[in-house]
Amino acid sequence: MQLARGFTLRPFLVNRWDFVAIPLIFGALVLTVVGLHGLDVPLSAVERPAISLDRSELPLYALYTTLRMFAAMFASLVFTFTYGALAAKSRRAEMVLVPLLDILQSVPILGFLSFTVVFFLSLFPGRAIGAECAAVFAIFTSQAWNMAFSFYQSLRTIPEDLDEASRSFRLSGWQRFWRLEVPFAMPGLVWNMMMSMSGGWFFVVATESISVGKHQAMLPGLGSYVATAIAQRDLGAIGWALVTMLVVIVIYDQIVFRPLAVWAEKFRFEQTAGYATPESWALRMLRTSRLVALLRRPVGDLLRRLTTARWLLPRRRTAPFVSEPVLDKAWGALLVLACLAGAWLTVRFVSTELGVAEVVRVFGLGVLTLIRVVVLIALASVVWVPIGVWVGLRPSWSKWVQPIAQFLAAFPANLMFPLAVVAIVHFHAAPSIWLSPLMVLGTQWYILFNVIAGASSFPSDLRDAATNMGVRGWKWWSRVMLPGIFPYYVTGGITASGGSWNASIVSETVSWGDTHLTAAGLGSYIAAATDAGDYPRIVLGIAVMSVFVTAFNRLAWRPLYAYAERRLRFL
């Protein structure tokens, strides 16, 4: 419609996608407001709550849980961009941050809850928002570590030609971060965000049913609903919880993660044409809806100005008095002394409270859990690496596999407890052996998601070259694909092994009603100490788990990481 020269009403007329975008946007805003309002209640309302197993409560419970998980996801992204970038860019920071990340991912969620519940409750006395913050922080600890590892790995393996191009254009450090490093890392980061979201579901029962010593709270949500259903042996309620969780995962996969995955494909390191780009109806809606265009224009302009600003970091103008290698050695020696001092204080505290015999016993329990972790990660690698490669090389299949994999990764191990307990009791099986598969139920997907990210990022020109030269069979796997995805697999392996240690807390001690089964291991030790509020044993268990995870990463995963960075990167 033409009103005057140079002016038209066409940009202000809605199109068919606006009729989809308007209900989605306003519906999301209304649900967010309702959910946030429902979470701000007195603390007494969640200390002795009556979690209803009525099916009509499930949509509201699902809303509460989803809001907590997306709040934790936002915090995880902020942590990833700061922590991962600092670890990748500074040698001295890397010497501290990477080992610290190994320790943080090994600390069980119950361990974080043991020491953070009191802190958050004291910040908001008399209000349930303190317990909500503790739950969000606990979910954050199940999401952040693998995202930080993925971002760190991507920054360390940026191709040299892209690095030289950024220097040729004289990009500042800020511009380089947003124009090169974040885009290059985005495909792998998006898949790890999906895995992190699913990991939050895996631990949602533990985070919404807080029981640490005298502090007990059951926040309304799907996790507390499942915990109540397990305690009451209500299989019907568990089934409805699973259906609700599946619906929620499909919804946010289609609205959030599928569009992100398709959008991230434009940052794929590709040198030839002909790659089949996946599609997303939600992304098409966001790109073609005129209402969304009006809303995103000011936000997009602001973000564009922020990310393209030429902010310079201050540079040191004078030469240092001491050479860099000497400073690195001094920094390393200082870190070693700090670690030794911390270890000595921990050993002194634990040995004074519990005795040396208890420390030796707990290390023995750690060996049992270590054996389970190594065996299960090896089996998961044999199964999921070929499947991940197959999916990653076929973008048309990813839209079907993506929500299924997210649901399977989000499947809480607690819901397998009834089957595990009944089967072990019926067949008089050994819990120390047959409870072990529960440890890898939610962590094997770290391997799958990272391998899919690696295979989908593999340059098609290299695949075409291998095809033209007739490279097939095992030679294709050993010379082409496995080297290409190896950095991603190592990232998935590190996070999967750390997650398996975490999962041992909930899988080495299971219950179904009044029937309780326990497998000897470090996870069951920490779970029992947490329930009893026994802080000396909690400290001992977490310290021993940190030692095992850090030592295993240093001796096994880190050499593989260094090899992948040195020999298996695209130049």
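The values are calculated or read from the model by the stated rules, or taken from the named source; none is laboratory data. Bear in mind the structure is a predicted one, so any value in this text is a computation, not a measurement. Positions of Cβ are generated from backbone atoms using ideal geometry, with glycine treated the same way; all protein chains shown enter the neighbour counts.
Here are a few things to note about the model shown:
- Qualifying residue in segment 421-430 (condition: under 28 Å from the mean Cα position of the chain (by Cα), part of a helix (DSSP H, G or I) and modelled with pLDDT of 75 or more): no
- In the set (1) touching a strand residue (DSSP E or B) at 6+ places or on another chain (Cβ under 7 Å); (2) within 28 Å of residue 146 (Cβ to Cβ); (3) of a type outside the set (S, T, N, Q), the condition left unmet by residue 486 is number (1).
- Residue ranges of helices (runs of 4 or more DSSP H) in segment 461-571 with at least 2 members of a type in the set (Gly, Ala, Ser) and modelled with pLDDT of 80 or more: 482-507, 522-532, 535-552
- Scanning segment 431-440 for residues that are part of a loop (DSSP other than H, G, I, E, B) and within 16 Å of residue 515 (Cα to Cα) gives a single hit, 435.
- Single residue of 383, 373, 401 found to be touching a helix residue (DSSP H, G or I) at 6+ places or on another chain (Cβ under 9 Å), crowded, with 19+ Cβ neighbours inside 10 Å and in a helix (DSSP H, G or I): 373
- Any hit, segment 532-542, residues being within 15 Å of residue 102 (Cβ to Cβ), surrounded by fewer than 24 Cβ atoms within 10 Å (Cβ to Cβ) and basic (Lys, Arg): no
- Scanning segment 277-292 for residues that are crowded, with 16+ Cβ neighbours inside 10 Å and farther than 15 Å from residue 23 by Cα yields 278, 280, 283.
- The set of residues from segment 176-218 being at pLDDT below 85 and more than 20 Å from the chain's Cα centre (by Cα) comprises 209, 210, 211, 212, 213, 214, 215, 216, 217, 218.
- Here the condition is being within 28 Å of residue 242 (Cβ to Cβ) and at pLDDT 70 or above; of 392, 364, it holds for 392 alone.
- Test result for residue 183, farther than 27 Å from residue 55 by Cβ and in contact with a Ser or Thr (Cβ under 8 Å, 6 or more places away or on another chain): no
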